[in-house]
Amino acid sequence: MHRPYFSVVIPTYNRVGRLRHVIAALEQLAYPLDAYEVIVVSDGSTDGTDAYLDTFRSSMRLRSLIQANKGPASARNAGIQKAVGEFIVFIDDDVVVEPQLLEEHARSHHEAGRDVVVLGPLLTPVGFEMAPWVRWEQEMLMKQYSAQLRGDWSATARQFYTGNASLRRSHILAAGGFDEGFRRAEDVELAYRLANNGLEFVFNIAAAGMHFADRSYRAWLDAAYTYGRNDVIFARDRNQKWLLPTIRREFLERHFLIRSLVRVCKGRSQLTRAASSALKLAADGATFVQATDAEKRAYSALFNLQYYSGFYNELGDVHFLFKDAENPPSGSSQ
């Protein structure tokens, strides 16, 4: 099998402690040292990241770029511009790669027999303590991977998470790179353009990285809200006309309690805040007494409430999800 030259692009911001582990794992890859480079882009870091990168020495080829804080889309674009690899591999600064990661990305590109985007999993590290809301989000990722392995559905642009993904550099450039106007879901927005250009998406569970995820509760809530807003923007302004009907169909497959919560709170910001506070109290109580199922349900409701609040606020139509939905299905999707 031909071993293509990879450029591993990692944007980072104030995670020097974790970044050390990420880079150490990249040094241990079961892939020829002369067949990959690592480009780390420090996006306005103030925690000693820049000094660490400046003094780092290794047999692995590592280049660092320093820029003012402009967001991950800008940082990845800067890395892409400097890359010399035929293929770009995107890794996040909280993903510690398994030794076979590059070998598996190369194998998937080879076996596809055509140009594709390869998606690797962000697996849950054993023994790593996550905040409850992050743990819930990680479990949702694992459910996606299980569904794909069962063949319930195939990977699409919506699963293009730049924590672990690869494609030809030429395809990224042809699509125009990341849109730096987005600081959330900028990866999926690029993926939609890649799909429009004819690329398909392939999932390889063996191209694995361990996801040492850590974010504040407020950042987690804000992300859910922004994802909702951006989905409307993608549908309305980026010619993804299929997206709104898909979101409606998926909403009608949500648990009836989530549908009811969204129906009651839609367009009512004060009620949404009150419901979110009550749900967080319930989640905290469930965590305290180790009621795992109740904890998961509370965080599922919180995420969905924030997502659909962002969706409604950007769409400006609080009735959209419920039109022609007199008898929605009683699904239990979270």
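In region 46-95, the qualifying residues are those that are of a type in the set (Lys, Arg) and over 24 Å from the mean Cα position of the chain (by Cα), and the one that is surrounded by the fewest Cβ atoms within 10 Å (Cβ to Cβ) is Arg57.
Residues in region 171-185 that are touching a residue at least 24 places away in the same chain (Cβ under 8 Å) and assigned to a helix (DSSP H, G or I): 3 in all. In region 202-210 there is no residue that is within 17 Å of Met140 (Cα to Cα), at pLDDT below 95, surrounded by 15 or more Cβ atoms within 10 Å (Cβ to Cβ) and out of contact with any Gly (no Cβ under 9 Å at 6 or more places or on another chain). Being aromatic (Phe, Trp, Tyr), modelled with pLDDT of 95 or more and in a loop (DSSP other than H, G, I, E, B) is the requirement here; does Tyr31 meet it? Here the answer is yes, as Tyr31 does meet what is asked.
Matching residues to (1) farther than 22 Å from Tyr161 by Cα; (2) in contact with a strand residue (DSSP E or B) (Cβ under 6 Å, 6 or more places away or on another chain):
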{"position": "Leu53", "(1), (2)": "yes, yes"}
{"position": "Ser58", "(1), (2)": "yes, no"}
{"position": "Ala68", "(1), (2)": "yes, no"}
{"position": "Ala75", "(1), (2)": "no, yes"}
{"position": "Ala83", "(1), (2)": "no, yes"}
{"position": "Val95", "(1), (2)": "no, yes"}
{"position": "Pro99", "(1), (2)": "no, no"}
{"position": "Val116", "(1), (2)": "no, yes"}
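The residue that is surrounded by the fewest Cβ atoms within 10 Å (Cβ to Cβ), counting only those in region 162-201 that are touching a strand residue (DSSP E or B) at 6+ places or on another chain (Cβ under 9 Å) and of a type in the set (D, E, K, R), is Glu200. Ala219 meets the stated requirement of being in a helix (DSSP H, G or I), surrounded by fewer than 17 Cβ atoms within 10 Å (Cβ to Cβ) and free of Cβ contacts under 8 Å to residues at least 60 places away in the same chain. Filtering Arg268, Arg254 for residues that are surrounded by 13 or more Cβ atoms within 10 Å (Cβ to Cβ) and over 17 Å from Ser300 (Cα atoms) leaves a single hit, Arg268.
Name the single residue that is farthest from the chain's Cα centre (by Cα) among those in region 259-300 being within 16 Å of Tyr225 (Cβ to Cβ) and touching a residue at least 60 places away in the same chain (Cβ under 8 Å). Top of the filtered list is Lys280.
The values are calculated or read from the model by the stated rules, or taken from the named source; none is laboratory data. Keep in mind it's a predicted model, so treat the numbers as computed, not measured. Glycine also receives a Cβ, built like all others from the backbone with ideal geometry; neighbour counts cover every protein chain displayed.
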